[in-house]
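The block underneath contains the structure these notes are about, expressed in structure tokens.
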Amino acid sequence: MEPSEAWGERWLNATLPMAKRFMTVATEKRSLVCLAADRRTMAELFDLIDEVGPFIAALKTHVDLIDDWSPSAWANFCALAEKHNLLIFEDRKFADIGKISRAQMAGVYNIKAWSDIVTAHLISGPDIVDGLQAAWNDANREGGVLLLAQMSSRGNLLSDDYTRSVVELGAAHDGVLGFIGNGSRPNELANLRQKVGQQKMIWTPGVNLEVGDGEMGQRYGDPYAAILAGSDCIIVGSGIHGAKYPKVAAESYAQISWKALQDR
Ligand code: 6AU
């Protein structure tokens, strides 16, 4: 199947190259799953990717929680991601002013050199997106920013008014790939899709086949319902890496996500 057929309006309206790249990979792999690869050591990370790589479209990292991180190990990680045809999404949740966020894309981790996507809060205003895009530009790379419009954790401070402002500013910005929308509440996600319109993507954490409360205030909703409500990518962590058989779990999340895209 061609991505234009699988994605319909989303494909036609997308302007950022990274949006089309994601939709192409997701179509090739028949999976709208981004693995939240929250592993503490490089060895665990490599094992996990080797096991579930064929069933996912993107890898979400928190580069700063790995105990034995090194530039050479990370180069191997990037090569493994490429081998499995995976986008690399660093969930850094940038929040500072534009020029500092640009500088934070460099430093020890040098995120600008290997990330395809990063997350940012819009609390400091829209220049943060320009700062992040400038950093990718410095590295001669293309990237896309996902703005946190909602969060999955209980008691978070992202009010409806705040969400509306993030969507208004973000929808008009070329450097924005889309928004993080809360998967634990499919009705909130449907409202978000209405506000966002058809052009930008919505990526969704807080999903698990076992819906309900997770650890430390995390909440989970149903992955199929999230995509029907307008999400374009389910971000799954514990549902895959915490399963007894991660490969089997990844395969079922992939199948469910692909079916949901056909059904919506
Ligand atoms: O499936 P889990 O609960 O094991 O993992 C969820 C992953 C984690 C969080 O950092 C992330 O999703 N996340 C995010 C983002 C931006 O991805 C936003 C949010 O509101 N909630 C959330 O859990 O790696």
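The values are calculated or read from the model by the stated rules, or taken from the named source; none is laboratory data. What you are looking at is a predicted structure, and each value in this text was computed from that prediction instead of being measured. Every residue, glycine among them, receives a Cβ derived from its backbone with ideal geometry; neighbour counts consider all protein chains shown. All accessible areas refer to the heavy atoms of the entire protein, side chains included, with ligands and DNA or RNA removed. Shrake-Rupley method; radii C 1.70, N 1.55, O 1.52, S 1.80 Å.
Near residue 54, within a Cβ-to-Cβ distance under 13 Å, what is the net charge of the other residues, with Lys and Arg +1 and Asp and Glu -1? Once positives and negatives cancel, what remains is 0.
When the listed pairs 20/247; 60/259; 195/259 are checked against a 32 Å cut-off, every alpha-carbon distance falls at or below it.
Hull volume per residue, based on the alpha-carbon atoms of region 125-205 and their convex hull, is 92 Å³. Normalised radius of gyration (Cα atoms, divided by 2.2 N^0.38 Å) for the chain: 0.92. The length gained on full extension between residue 160 and residue 209, counted as 0.36 nm times the residue separation minus their Cα-Cα distance, comes to 15.0 nm. Quick check: at a probe of 1.4 Å, how many percent of the accessible area of region 6-93 sits on carbon and sulfur atoms? Taking all protein chains in place, region 6-93 shows 50 percent carbon and sulfur surface. Report summary: the helix-based calculation at 222 nm, which adds -39500 (n - 2.57) for every DSSP H run with n ≥ 4 and divides by the residues of the chain, gives -13000 deg cm²/dmol. Can you give the local net charge around residue 201? Use residues other than it whose beta-carbon is closer than 11 angstrom to its beta-carbon, Lys and Arg +1, Asp and Glu -1. It works out to a net charge of +3.
Taking only the Cα atoms of region 45-112, the ratio Rg/Rh comes out at 1.00, with Rh defined as the Kirkwood radius. Spin-label pair residue 13-residue 68: with each label point 7 Å from Cα along the Cα-Cβ axis, the two points sit 4.6 nm from one another. For residue 107, neighbours were defined as the other residues whose beta-carbon sits under 15 Å from its Cβ, and their charges (Lys and Arg +1, Asp and Glu -1) total 0.
For the chain, calculate the relative contact order in percent as a whole number, restricting contacts to Cα pairs under 8 Å that are 6 or more residues apart. Please report the intermediate quantities before stating the final value.
Details: 530 pairs, mean separation 51.1, N = 264.
The normalised contact order for the chain reaches 19 percent.
Near residue 148, the amide H atoms lying under 5 Å from its own belong to 120, 121, 122, 180; only residues 5 or more places off or on other chains count, and H is placed 1.01 Å from N.
Accessible area of region 97-172 with a 1.4 Å probe: how many percent of it is carbon plus sulfur? About 50 percent, which is the carbon plus sulfur part of the accessible surface. Listed values for region 170-180 are Karplus-derived 3J(HN,Hα) couplings in whole Hz (6.51 cos²θ - 1.76 cosθ + 1.60, θ = phi - 60°), namely x, 5, 8, 9, 4, x, 8, 6, x, 10, 8, and x replaces Gly and Pro.
Quick one: grab the alpha carbon gyration tensor of region 1-153, order the square roots of its eigenvalues as a ≥ b ≥ c, and give me rounded if a/c is under 1.5, else prolate or oblate depending on whether a/b is larger than b/c. Oblate shape, in that a/c is at least 1.5 and b/c is the bigger or equal ratio. Under the combined filter of DSSP loop state and at most 16 neighbouring Cβ atoms within 10 Å, region 46-95 retains none of its GluC sites (Glu not before Pro). Summed over the residues of the chain and divided among them, the accessible surface reaches 43 Å² per residue at a probe radius of 1.4 Å. Using 0.36 nm per residue and subtracting the Cα-Cα separation, the extra length available between residue 190 and residue 172 on full extension is 4.5 nm.
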